1. Scan region A:14-30 for residues that are free of Cβ contacts under 8 Å to residues at least 60 places away in the same chain, buried (at least 17 other Cβ atoms within 10 Å of the Cβ) and within 12 Å of the chain's Cα centre (by Cα) and jot them down.
2. Condition test on B:Val45, is it of a type outside the set (Phe, Trp, Tyr) and in a helix (DSSP H, G or I)?
3. For region B:53-68, give me each residue that is within 14 Å of chain A (Cβ to nearest Cβ) and either part of a helix (DSSP H, G or I) or surrounded by 19 or more Cβ atoms within 10 Å (Cβ to Cβ) (or both).
4. Going through region B:72-118 one residue at a time, which ones are under 11 Å from the mean Cα position of the chain (by Cα), away from chain A (no Cβ under 14 Å) and at pLDDT 90 or above?
5. Name the residue that is surrounded by the most Cβ atoms within 10 Å (Cβ to Cβ), counting only residues in region A:1-13 that are facing chain B (nearest Cβ under 7 Å) and in contact (Cβ under 8 Å) with a residue 24 or more places away in the chain.
6. Write out, first by first residue and then by second, each pair whose Cβ atoms fall under 6 Å of each other, whose residues are 6+ apart or on separate chains, and whose first residue, in region A:85-101, is basic (Lys, Arg) while the second is not in a loop (DSSP other than H, G, I, E, B).
7. If we keep just the residues of region A:33-47 that are closer than 16 Å to A:Thr102 by Cβ and either away from chain B (no Cβ under 13 Å) or at pLDDT below 95 (or both), which is surrounded by the fewest Cβ atoms within 10 Å (Cβ to Cβ)?
8. Please go through (1) of a type in the set (S, T, N, Q); (2) within 14 Å of another protein chain (Cβ to nearest Cβ); (3) part of a helix (DSSP H, G or I) for B:Ser50 and return the number of the only condition it doesn't satisfy.
Protein chains: 2
Amino acid sequence: MERIPILKMGVFLLVTIQVDMHDRLALTLQDDLTDQIVKHRARGVLIDISTLEMVDSFIGRMLGTIASMARLLDADTVVVGMQPSVAITLVELGLSLKGIRTALDVEKGMAALQLAFAERGDTQDDDS
Amino acid sequence: MERIPILKMGVFLLVTIQVDMHDRLALTLQDDLTDQIVKHRARGVLIDISTLEMVDSFIGRMLGTIASMARLLDADTVVVGMQPSVAITLVELGLSLKGIRTALDVEKGMAALQLAFAERGDTQDDDS
């Protein structure tokens, strides 16, 4: 089970991180995610980290990398479900996740993506 | 990280299983899920097993138990993303998951839940 599932929800993709990330898994996720963005013409990526009780600079950088890749493929990234202690650690690590949007839960993240999506004036009306 | 996250999507809950299940984790999931169904007044549960490459009778029984518990709390359960090899194994194990609805992916599962939800004539119109 060395693969993080990517779920398609309308024009958005949802990833829930619930296992310890290591180099190979992070690379696999980046590959899979970019493939899926292109394959499904996804316009946004939601990354749920609600089960992460601690983060290190590796995870912080990984989130940044994913967001940058997604942006190049014209998809927004929203990180959702961050625990308060994780927010504290990230700032203490000097990782303020610039350029990454966050939301309290999946529903709020989805709403933020839909708003951004609508603002860009796309004609697709798929949602879910 | 000994906890499987449960994501709220409108009146439905989404669980993606991506780690090896063992007794304690399965019990925690059942407890959390029943709590969340009641807390959010959820009407359906989606269980994504797309990363499971094999199942044993333990997982099969767990899915059945979750569906039965959800039903008692007036929520439908849909298992989504089953790999073909898993379907073969389940039948060979004699576990045909009676009473559990399945769908090919999260979107189809969500559509099935919404249809069932509409048919029951509820007045809530929340979806996502």
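The values are calculated or read from the model by the stated rules, or taken from the named source; none is laboratory data. Values in this document were obtained by computation on a predicted structure and should not be read as measured data. No Cβ is skipped: glycine too gets one built from the backbone with ideal geometry, and neighbour counts run over all protein chains shown.
1. A:Val15, A:Thr16, A:Ile17, A:Leu29
2. Numbers: of a type outside the set (Phe, Trp, Tyr): yes; in a helix (DSSP H, G or I): no.
Here the answer is no, as B:Val45 does not meet what is asked.
3. Within region B:53-68, the first condition is being within 14 Å of chain A (Cβ to nearest Cβ), and the residues that meet it are B:53-56, B:59.
Those that are within 14 Å of chain A (Cβ to nearest Cβ) and either part of a helix (DSSP H, G or I) or surrounded by 19 or more Cβ atoms within 10 Å (Cβ to Cβ) (or both): B:Val55, B:Ile59.
4. B:Ala75, B:Asp76, B:Thr77, B:Arg101, B:Thr102
5. Once the filter is applied, the top-ranked residue is A:Met9.
6. Correct list of pairs: A:Arg101/A:Val78.
7. So in region A:33-47, the residues closer than 16 Å to A:Thr102 by Cβ come out as A:44-47.
If we keep only those that are either away from chain B (no Cβ under 13 Å) or at pLDDT below 95 (or both) as well, we get A:44-45.
Values: A:Gly44: 25, A:Val45: 27.
Residue satisfying both the conditions and the ranking: A:Gly44.
8. Exception for B:Ser50: condition (3).
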